[in-house]
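Colleague: Let me give you the structure first, and then I'll get to my questions.
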Amino acid sequence: MNQPVTPKPADQASLETLGRRIYDLGHTTVFASRRDPRFSYCLYVPPDLGQRAAPDLVVVMHGTGRAFMEYRDGFAEFGRWNNCIILCPLFPVGVQGDGNRDGFKYMQEADIRYDEALMSIVAEVGARYGLDVARFALFGFSGGGHFTHRFLILHPDRLWAASIGAPGSVTLLDPTRDWWVGIRDVKERFGITVDVAAMRRVPVQMIVGAADLETWEITHREGSPHWMPGANDAGRTRPERLDSLRRSFEAAGIPVRFDVVPNVPHDGSRVVSQVQDFLADVLKDRRSAG
């Protein structure tokens, strides 16, 4: 009868190298966050990591449908040819056991701070791959667009670019209204002072489909979980609301690249190429300057 063979040390090292190549490079497996295992993430890591300049980090935030792996795959070739690691977090539905689909969009849900959850995942990725992740790019569409522009408001110092795709509701830079409609109580709520000067230094894209006109999912009704006075004041449709956000940013001196994509409904996959064009332009400027 054959006895199992215990790998020799050299063999074990070879197996670990093989495992890293399969699970930690290219299209990776899914990792649980070390800080909070309720949250997880997958990556695209260029297979030639370590053979050229250190890659930049691009975070792609899912929407309500949580299609985080599809977004990873959609950005993989961009990551490969532009020397970027693509990080796609997963913030599941109902982490409080209540079926809530929307908690991450508004940055806080009960005792969870989703901005801090993301930053801990970013730090974990930096440690795993030996990267400087002090700043990263952030793109999100729909629910991810909610998250992206609110993260930018709270943490502009962490971003080298922000692409805000078709959020259903927007937080305007309005100091006369409370969060999430405005920013009056951000200091009390989050312990953060909004730094508009830092926001001006972040290249910003806002993008939405011209045919993204359905309102059934984005109209706030009194008594609904995120209802508050002014909840619908930014506009009726996603293009109208995103344009209100653009005007709010520009009034504060924050330049915005505003892209309305013809014949596109509410479908994040159909704006990815325009987002990648924006990120590639920012990367070119960033690398030539640095």
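Colleague: Considering only residues that are of a type in the set (D, E, K, R) and touching a residue at least 40 places away in the same chain (Cβ under 8 Å), look in the stretch 136-170 and name the one that is nearest to ASP259 (Cα to Cα).
Modeller: Filtering the stretch 136-170 for residues that are of a type in the set (D, E, K, R) and touching a residue at least 40 places away in the same chain (Cβ under 8 Å), the one nearest to ASP259 (Cα to Cα) comes out as ARG150.
Colleague: Looking only at the stretch 102-117, which residues are assigned to a loop (DSSP other than H, G, I, E, B) and among the aliphatic types (A, V, I, L, M)?
Modeller: Listed by number, the residues that qualify are MET107, ALA110.
Matching residues to (1) within 17 Å of the chain's Cα centre (by Cα); (2) of a type in the set (Gly, Ala, Ser); (3) assigned to a strand (DSSP E or B); (4) surrounded by fewer than 22 Cβ atoms within 10 Å (Cβ to Cβ):
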position: VAL59; (1), (2), (3), (4): yes, no, yes, no
position: GLU77; (1), (2), (3), (4): no, no, no, yes
position: CYS88; (1), (2), (3), (4): yes, no, yes, no
position: PRO92; (1), (2), (3), (4): yes, no, no, yes
position: ASN100; (1), (2), (3), (4): no, no, no, yes
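Colleague: Give the stretch 81-124 a look and list any residue that's at positive phi and without any contact (Cβ under 8 Å) to a residue 40 or more places away in the chain, or say none.
Modeller: ASN83, GLY94, GLY97, GLY99, ALA110
Colleague: Return the pairs, sorted by first residue and then second, in which the second residue is surrounded by 15 or more Cβ atoms within 10 Å (Cβ to Cβ) and assigned to a helix (DSSP H, G or I), the first residue lies in the stretch 236-251 and is hydrophobic (A, V, I, L, M, F, W, C), the beta carbons are less than 9 Å apart, and the residues are 6+ apart or on different chains.
Modeller: Qualifying pairs under 9 Å: LEU242/GLY145; LEU245/HIS149; PHE249/HIS149; PHE249/MET199.
Colleague: Same structure, new question: Anything in the stretch 252-273 that is free of Cβ contacts under 8 Å to residues at least 24 places away in the same chain and surrounded by 15 or more Cβ atoms within 10 Å (Cβ to Cβ)? List them, or say none.
Modeller: Answer for the stretch 252-273, where residues must be free of Cβ contacts under 8 Å to residues at least 24 places away in the same chain and surrounded by 15 or more Cβ atoms within 10 Å (Cβ to Cβ): there is none.
Colleague: Follow-up question, since we're still on this one. Is it the case that some residue within the stretch 131-139 is of a type outside the set (A, V, I, L, M) and not in a loop (DSSP other than H, G, I, E, B)?
Modeller: yes
Colleague: For the stretch 128-151, how many residues meet the condition of being surrounded by fewer than 23 Cβ atoms within 10 Å (Cβ to Cβ) and among the aliphatic types (A, V, I, L, M)?
Modeller: Residues that pass the stated criteria total 3.
Colleague: Another question about this same structure. Residues in the stretch 207-224: is at least one touching a strand residue (DSSP E or B) at 6+ places or on another chain (Cβ under 9 Å) and either surrounded by fewer than 14 Cβ atoms within 10 Å (Cβ to Cβ) or at pLDDT below 95 (or both)?
Modeller: Yes, the stretch 207-224 has at least one match.
Colleague: Of the residues ALA162, ALA198, which is in contact with a helix residue (DSSP H, G or I) (Cβ under 6 Å, 6 or more places away or on another chain), surrounded by fewer than 17 Cβ atoms within 10 Å (Cβ to Cβ) and within 20 Å of LEU245 (Cα to Cα)?
Modeller: Result: ALA198 is the single residue among ALA162, ALA198 that is in contact with a helix residue (DSSP H, G or I) (Cβ under 6 Å, 6 or more places away or on another chain), surrounded by fewer than 17 Cβ atoms within 10 Å (Cβ to Cβ) and within 20 Å of LEU245 (Cα to Cα).
Colleague: Which residues, taken from the stretch 187-197, are farther than 14 Å from HIS149 by Cα and free of Cβ contacts under 8 Å to residues at least 60 places away in the same chain?
Modeller: Correct list: LYS187, GLU188, GLY191, ILE192, THR193, ALA197.
The values are calculated or read from the model by the stated rules, or taken from the named source; none is laboratory data. Since the structure is predicted, the reported quantities are computational estimates derived from the model, not experimental observations. Reconstructed Cβ throughout: ideal geometry from the backbone, glycine too, with neighbour counts over all protein chains shown.
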